[in-house]
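Before any comments, here is the structure.
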Amino acid sequence: MVHMSGEIIEEIFSGYCKSKNLTQSIICEYEQLACGLSLLSVSCDFEKCLYNKDCTVVQQALAKEDE
């Protein structure tokens, strides 16, 4: 699939959330840029989470930018 620059792409990621002690699904929005994807928003408060450095769900979302 070819995406146009400036297009908004949504992805869903799932995994264990240590903060909520359950499996969590998050929705992420990316902007397609000429150089790749840029993460715009995440449907959880990972910036404020005590476990954000160990969050495997957000790590999946951030890894998508590097693909």
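Observations on the model:
- When the solvent-accessible area of the chain is split by element, carbon and sulfur atoms take up 52 percent of it, the probe being 1.4 Å.
- 15 Å tail of the calculated P(r), the stretch 1-41, as % of Cα pairs: 49
- Length gained on full extension, Asp66 to Ile9: 19.0 nm, using 0.36 nm per residue less the C-alpha separation.
- Solvent-accessible heavy-atom area per residue, rounded to whole Å², over the chain at 1.4 Å: 72
- The chymotrypsin sites (Phe, Trp or Tyr not before Pro) of the chain that meet both conditions, a loop assignment by DSSP and at most 15 other Cβ atoms within 10 Å of the site Cβ, are Tyr51.
- Estimated dipole of the chain in Debye, rounded to 20 [Cβ of Lys and Arg +1, of Asp and Glu -1, Cα centre]: 400
- For the chain, the longest principal axis of the alpha carbon atoms and the long axis of helix 56-65 meet at an angle near 10°.
- Qualifying trypsin sites (Lys or Arg not before Pro) in the stretch 1-48, DSSP loop, other Cβ atoms within 10 Å at most 10: Lys48
- Projecting the Cα atoms of Gly6, Cys44, Ala34 onto the charge dipole of the chain, computed from C-beta unit charges around the Cα centre, puts Cys44 farthest toward the positive end.
The values are calculated or read from the model by the stated rules, or taken from the named source; none is laboratory data. Nothing here was measured: the structure is a model prediction, and the numbers come from that model. Cβ sites come from the backbone with ideal geometry, for glycine too, and all protein chains shown count toward neighbours. For the accessible areas, the whole protein counts, side chains as well, though only heavy atoms, and no ligand, DNA or RNA atoms are used. Shrake-Rupley method; radii C 1.70, N 1.55, O 1.52, S 1.80 Å.
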